[in-house]
Structures are given as C-alpha cells and as structure tokens.
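Here the structure comes first, spelled out in structure tokens, and everything after it is commentary.
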Amino acid sequence: MRKLIIAGNWKMYKGLEDAKSFAREVAPIAKGMDTTNVVPILAPAYPFLAVLQRDLEGSPVKVSAQDVSSHPDGAFTGEVSAAMLASLKLPYSIVGHSERRAYHAETNAIVREKLLALMQHDICPILCVGETLVQRDAGNTKDVVVDQLSGALHKINLYNQGEIIIAYEPVWAIGTGRNATGEQAQEVHAIIRKWLKDKYSETLANGISILYGGSVKPENIDELLAMPDIDGGLIGGASLKPDSYLRMLESAVKRANGEQ
Ligand code: PGA
C-alpha cells in the first residue's frame, strides 16, 4: 500500500524564528499521531534545512529541499549541490517546480539533470509536472504532462518505488485559491500512473506516490485524498500555519488508517 504524503512547500516564506516555532508546535503533535502509513514533509528555504531537521528530530516529520543544482560542484555562485543536501542526510528534494520552470527557465533537460544529481545521492526527488491554463484550455493537459515526464525521466531507470515521488501541480491552481476538483486531478493522476506503468512496470507504477498540488487546504484535502490515484498533497500557502498543516496531516492519517 502506498503511504500518503503531506508535503509543505514553504517557498520563500518563513525566517529562522518562524520556522523554529512551527517545528516546536508541530513536532510533538505529529509524534502523537499514528503516522505508520503517512509521511509528513516540510520544505523550508535552504538556510533552515539543518535547523528544522534538528528541531523535528524524534518526530515523523521529514525535511525536504525545494530545489538542487544540476551541477555536481564548481563555480556556481548561489547554488547548492545534491552532495551538500546529502551531507545533511536529507531524504527529499522538490525538483522542477513550475515556479522554477517559469522564473528560472528550467527546461525538461535541466530538470532531468537535477533529478539525476539527486538520485546519485539517494535523495528522493519530488518531481513536479503540470499544465498552464492556456494549455488546459487548448486540450493539451495530457501532452504537456507526458512531455514533462518523458523529458525528466528520459533514459532513467527506476528500480524501486521509493526512488521518486511525482507531484501533479496544475499551474492555474497554484496560489490562486482555485484548486482542481478531485475528479479533474484524478484524471491526470491516472494518466501519470498509466505512463509510469508503460515505461516501467505495473508493480513499480502502483508503488509510486503521486501528489496533487495547487490550492490544497484543510477544506478540500478530504475530497482529493478520496481519489484512488491521489496519494497526498504538495501544499504551499496552507502549509504555512501549524494548525492548517496539522489539520491536513490529520485528514491523511484518518484516511490512511481507514477511518474515513
Ligand atoms: P499552493 O502552492 O498550495 O499555495 O497553491 C502549491 C505549490 O506551489 O507547491
């Protein structure tokens, strides 16, 4: 059975004190939940990765980076390598977020390089894919998502299910308050799983977690998690407040434990 994942993407929000007080509040409560079948994740900005890891120690909450350099090392001012993330024993990193693709000109080829860098260091990539509104309205959602998947995973073999997480994030739903409905998201998640099955195997495809992202909040998480191919959320705005994050975590715990 796939675990449900509640991943908070803090983007460029939260300074040191804010991150620390979030951890102080969330860690003991998360520790008290039955998270056997749920993985809570938080992705702070780079400077706070180590602090957050330390402050969440002993709780089930894992820490993720938001991005990684495609280069192994060298004169790349401002960049952070996969080896550096690995030296923190970081288990996850987001890669190919639509904001990186849009504002930092990240192509599928660059996303692929980053993915490879992470995999070489046994860091599980949370690979983001998703169409813009123009692409959706033109009926191109499937083509765009498949193109992003095949570009990022070109000639990359996967050997076990825990090697990658996919996040379907329709760009029109990110930060807009307008989430995809459960059905709309499910339709694309099923396409993604089918693509994984055709490229790899049914067993592998059935074991890979596919998250939905785009205006997920406590009010709509249940509808989304009820879908057969939605295995959690990658959550921006609604992950910034401990109470809201914990409510979504609670929803996932209930669903994972068959209480919903
Ligand atoms: P949002 O962001 O939940 O604020 O829409 C999601 C994301 O960008 O990962």
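General observations
- Scanning segment 16-35 for residues that are among the basic types (Lys, Arg) and closer than 30 Å to GLY258 by Cβ yields one hit, LYS31.
- Check on VAL61, in contact (Cβ under 8 Å) with a residue 60 or more places away in the chain and within 24 Å of ILE164 (Cβ to Cβ): no
- Filtering HIS189, HIS154 for residues that are more than 15 Å from the ligand (Cβ to nearest atom) and buried (at least 22 other Cβ atoms within 10 Å of the Cβ) leaves a single hit, HIS189.
- Cβ-Cβ under 8 Å pairs, at least 6 apart or on other chains, segment 71-96 side farther than 17 Å from LEU52 by Cα and modelled with pLDDT of 95 or more, far side of a type in the set (A, V, I, L, M, F, W, C) and assigned to a loop (DSSP other than H, G, I, E, B): VAL80/VAL68; SER81/VAL68; ALA82/VAL68; ALA82/ILE123; VAL95/VAL68
Conditions tested, residue by residue: (1) closer than 19 Å to GLY236 by Cβ; (2) of a type in the set (Gly, Ala, Ser); (3) surrounded by fewer than 19 Cβ atoms within 10 Å (Cβ to Cβ); (4) within 16 Å of the ligand (Cβ to nearest atom).
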residue: GLU79; (1), (2), (3), (4): no, no, yes, no
residue: ARG100; (1), (2), (3), (4): yes, no, yes, yes
residue: ALA105; (1), (2), (3), (4): no, yes, yes, no
residue: LYS114; (1), (2), (3), (4): no, no, no, no
residue: VAL134; (1), (2), (3), (4): no, no, yes, no
residue: THR141; (1), (2), (3), (4): no, no, no, no
residue: LEU149; (1), (2), (3), (4): no, no, no, no
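- The set of residues from segment 116-156 being without any contact (Cβ under 8 Å) to a residue 12 or more places away in the chain and of a type in the set (D, E, K, R) comprises ASP137, ASP143, LYS155.
- Under the condition of being touching a helix residue (DSSP H, G or I) at 6+ places or on another chain (Cβ under 6 Å) and within 16 Å of the ligand (Cβ to nearest atom), the residues counted in segment 1-21 number 2.
- Qualifying positions in segment 157-166 - buried (at least 19 other Cβ atoms within 10 Å of the Cβ) and closer than 16 Å to LYS197 by Cβ: ILE164, ILE166
- From GLY177, GLY182, GLY232, residue being within 16 Å of the ligand (Cβ to nearest atom), in contact with a helix residue (DSSP H, G or I) (Cβ under 7 Å, 6 or more places away or on another chain), at positive phi and not aromatic (Phe, Trp, Tyr): GLY232
The values are calculated or read from the model by the stated rules, or taken from the named source; none is laboratory data. Just so it is clear, the structure is predicted and the values come from calculations on it, not from any experiment. Heads up, the Cβs are rebuilt from the backbone with ideal geometry, glycines too, and the neighbour counts pull from every protein chain shown.
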